[in-house]
Amino acid sequence: MKLDLRLDTSGDFYAQKFQPTKREDTLILNMGPQHPSTHGVLRILLEIDGEYIVRAEPVLGYIHRMHEKMAEVMSYPQYLPNPARTDYLHALAWGWAHVGAVERLMGLEVPERAEYIRVITCELNRINSHLLWWGAYLLDLGAFTPIMYAFDDREIIMDILQRVTGSRLTYCYYRFGGVSKDIDDRFVAETREQCTRMKERFKMYKDLVTDNYILRQRVEEIGEISVNACRKYGATGPVLRGSGQAYDVRRAEPYSVYDRFDFNIPTYDSCDAMGRYMVRMDEMQESINIIEQALDTLPQGNFIHPKAPKRAKPPAGDVYFAVEGARGKIRMHLVSDGGKSAYRLKLRAPGFSNLSLFGEVSSGTLISDAVSILGSLDLVIPEIDR
Amino acid sequence: MIVKSIRENLGGMWSLLVGLRVTSINFFRPHVTVHYPRQCVPTLEGYRGHIELVPLEKDPLKSKCIACSNCVKICPTSCISLKATKPKKAAVAEGADSPAAKVPSEGKKEAPVKKAKPELQSFVLDYNYCSLCGLCVQSCPTGALEFSDDVYLAGFTRQEFVFDLLARLQRQAQKKEQ
Amino acid sequence: MIEAIPTQLIIILVGLAATMAFVGLNAILLVYLERKVAGFIHRRPGPYEVGPHGILQPFADGLKLVGKQIFTPKGADSVLFWLAPMISMAPAIVCFLVIPFGPNVLIFNTNVGLVLILAFTGINVLALCIAGWTSQNKYALVGAARGVSQSVAYEIPLLLAVLPIIFMTGTFNLYDITLGQGAWPWQWFIVYQPVAFVIFFICALAETNRAPFDLPEAESELTAGFHTEYSGMGFALFFLSEYAYMVIAACVTAVLFLGGFQGPVVSGWWWFLAKVYILLLIMIWIRWTFPRVRFDQLLNICWKWLIPLAIINLLITLLVIAL
């Protein structure tokens, strides 16, 4: 039998481009696009020496859906459901980025109540996103149970959000000048109840997972990313905060009413996967903190600006709007020529910058560590490919 | 050095036991899922199913729709198509010389509203492409559209998800009468 | 004398058939148990639709696996490729011959029972290695490499944990080892040898490739490891043999440390099965609780902790026996 695994020249363009190497004792391993731990259709080419990774290169574009081009074709309100489809886990933040950009360009005032509703729902969505990441990350590390507990909590939050937004995952809730539906007392009561419940659940999560010795061995001192590397690649969000830099768009470029709330920006200096893990776990608690404050001070008023245009038509000009998503800084750069659809819309996906780190961080680690690092970056592939 | 590492590992072993305790407690707690085909989740409130037409209060066989086609225009995926009988005056205008467009349009404004009201012939939703954004419902000037609670849909062909909503409205009205 | 040999042969042949049935039955039970326990831990009902409370689910699974296309990957050595699952399964059945299920339920009483089990379970590694190598798949190759080094490493502490028991009883005969312990829990060897028990149990988990040591198949890293390319009955045989080895591991643990078929009030096979199933439940419970360890950590646990501990334990035992 001929076992010639290295000189497989019939690979596709990327494989062939990746192939040439000086070493003769390495394997080229094609991880993805249908690999269980790449969460979607990310493909990573690995050159491995035994179990050690010599080189790694992500290959993108398997779920490119031209969301930026669609913005040039569709009218502004028609584009509203699109941002939710880029990052389906933190759909509301993406929706907010789009809505916020258009509002800023039009100079449209958002009623205070609507801003509060946006903060509450966006933070609930952030908790949801982090919970799913938590479950999926543990799945990558081989523990199957946590994702089920995470979904238990997620379902409740999704039920709460479903009553006001109408959907469970790809929300299309924010409108130019407000939100599409007001929240009621039941929403407030249920959210409060869930906040208290989550605090209890975090204790269980800590016992089951965070303190677990095997987990700590799998994430501590794995995938160390220095602040400089983060800066080099433009990594933001928990990845940057896990490297000790307290950068959060909610603080750095305050939008909406975030400047009224008192919350911490969790940072960890360890720079490893554990740091990023802890940042996300703490962030969920901070989100609950924000939600509780927002519920306490929820003002009365309109949930949408009474003169909000049904067909938004911003004047010519360009505008930039950034929000803090669960994965980092979501930014929209909108250029308008005064028409009914955008002249150009640039989406900045935080996952793209975070993924770019992977090649540098993973070289020299084991395959298992690479999976751990990949998971700790919290990638949502549709967001990266857009 | 060795002592420290032994202590660390013993602490680690203890954390494993704590983990086992958590799963064993959960083992004996009640289930959180439902047996789907026989039971459904109780909280469908607010969920957006596909859209449906709202009947007139007087005549449940007719919808509130005035065929303004705002929903058709705003739909991001153009999954709505509607047909309506042309209002009488407009039909005349089309029939008459087309270059003289100005005169009939002025006449349209003067025409009594009742007669110019177009009647809805068919309202077809291609649910395959719908992204449930709810823009059509919001753009409707008469509130003729609402979300149904028809969410447990399954079918074998695409054609099964092209709904004729007017026929559906009439079916529902007949069912209610019975 | 001439008549005696066929009787023995007949007993072994009947026993083999019986163990095959036992292995099959156990696999069905364990598949159901595993999925149910997983479900209950996740706070969901687990299999529920096929039969009342889903008890026919394993049969449905089996039927599905039988119905699948048997597929040999391009470039694979088809003979070795299909030999591997059989090599994996066959020794498992032999091992059951020497296990004393009850005072009168023992197919083949031999003085080298324990050695036989340890020897035959070692063959599983070969199957794993062949499966990974002939699959012509890089994931499978890595999985096989992991499996081989894991099994080889963990055989040592396994043997070192067994040795104190051998010294205490002075026999390899599993029946005699069982009789060497009393009926009540404080008369079992687990009381005299708690460290050996823990080491043995961890090694058993590693040898049977159970989580958290399921590295050869680590589904989130190597998709399915050494059996990535297997479909249909090839996969089913690996699956079956995994469960068979789990049962063997639990049986041997029960015999060596938990008094085998001896139990309070009335000794018998029911005590043995109860002990085995409690051990299996613990194995399943562990699987659905912990993350997977990393490969170098797995070997570190073995070489840095288990082997020194086992040697110290053995020396202390010898000292006590000598005194």
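The values are calculated or read from the model by the stated rules, or taken from the named source; none is laboratory data. For clarity, every value in this text was computed on a predicted model and none was experimentally measured. Here the Cβ is made from the backbone with ideal geometry for all residues, glycine too, and neighbour counts use every protein chain on show. Ligands, DNA and RNA are stripped out before the accessible areas are found, and what is left, the full protein with its side chains, is counted by its heavy atoms. Shrake-Rupley method; radii C 1.70, N 1.55, O 1.52, S 1.80 Å.
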When the charge dipole of chain C is computed with +1 at the Cβ of Lys and Arg and -1 at the Cβ of Asp and Glu, the Cα pointing farthest to the positive end, of C:255, C:6, C:309, is that of C:309
Principal-axis tilt of helix A:185-205 within chain A, Cα atoms, nearest 10 degrees: 30 degrees
Enter the mean number of other protein chain beta carbons within 10 Å of the beta carbon of each residue in A:211-224, as an integer. 5
If you take the beta carbon distance between residue C:265 and residue C:316 as r and set R0 to 45 Å, what does 1/(1 + (r/R0)^6) give as a FRET efficiency, to the nearest 0.05? 0.85
Charge sum, other residues only, whose C-beta stays under 10 Å from residue C:227's C-beta, Lys/Arg counted +1 and Asp/Glu -1: -3
Tell me the relative contact order for chain A as a rounded percent, counting alpha carbon contacts under 8 Å between residues six or more apart. 26 percent
With a 1.4 Å probe and every protein chain kept in, tell me what percent of the accessible surface of chain C is carbon plus sulfur. 76 percent
Within the set A:69/A:181; A:307/B:64; B:83/B:175; B:64/B:175, which residue pairs have Cα atoms separated by over 27 Å? A:69/A:181
Can you tell me the orientation of helix A:91-106 relative to chain A, as the angle in degrees between its alpha-carbon axis and the longest Cα principal axis, to the nearest 10? 50 degrees
So what's Rg/Rh here for the range C:70-322, counting alpha carbon atoms and using the Kirkwood radius for Rh? 0.99
Quick check: Cα centre of the range C:49-63 to Cα centre of the range C:106-149, how many Å? 30 Å
Evaluate peptide C:282-289: per residue, the Cβ atoms of other protein chains within 10 Å of its Cβ; return the mean as an integer. 5
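Once the convex hull of the C-alpha atoms of the protein assembly as shown is built, how many Å³ does it hold per residue, rounded to a whole number?
Working: hull volume 204.6 nm³, N = 887.
Spelled out: Cα convex hull of the protein assembly as shown, divided by residues, is 231 Å³.
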In nanometres, what is the gap between the two model label sites at residue B:58 and residue B:10, each 7 Å from Cα along Cα-to-Cβ? 8.8 nm
Kindly give the semi-axes, whole Å and largest first, of the ellipsoid equivalent to chain A, taking each as the square root of 5 times a Cα gyration tensor eigenvalue. 37, 26, 17
Whole Å is fine, so just give me how far the alpha carbon centre of the range B:1-45 lies from that of the range A:244-297. 27 Å
Over the protein assembly as shown: helical MRE at 222 nm, DSSP H runs n ≥ 4 each giving -39500 (n - 2.57), nearest 500: -16500 deg cm²/dmol
Would you mind giving the mean number of other chain beta-carbons within 10 Å of the Cβ of each residue in A:363-373, as a whole number? 4
If I take every Cα pair under 8 Å that is 6 or more residues apart in the range C:163-286, average their sequence separation and divide by the length, what percent do I get for the relative contact order? 32 percent
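For the range C:1-61, run through the GluC sites (Glu not before Pro) and keep only the ones in DSSP coil with at most 16 other Cβ atoms within 10 Å of their Cβ.
Numbers: sites: C:3, C:34, C:49; in loops: C:3, C:49.
Sparse-neighbourhood loop GluC sites (Glu not before Pro): C:3, C:49.
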Relative contact order of the range C:70-322, please, whole-number percent, based on alpha carbon pairs below 8 angstrom and at least 6 residues apart. 28 percent
Once the Cα atoms of helix A:367-376 and of chain A are each reduced to a long axis, what angle between those two axes, in degrees from 0 to 90 to the nearest 10, is obtained? 10 degrees
Over the range A:145-241, give the accessible area per residue in Å² for a 1.4 Å probe, as an integer. 35 Å²
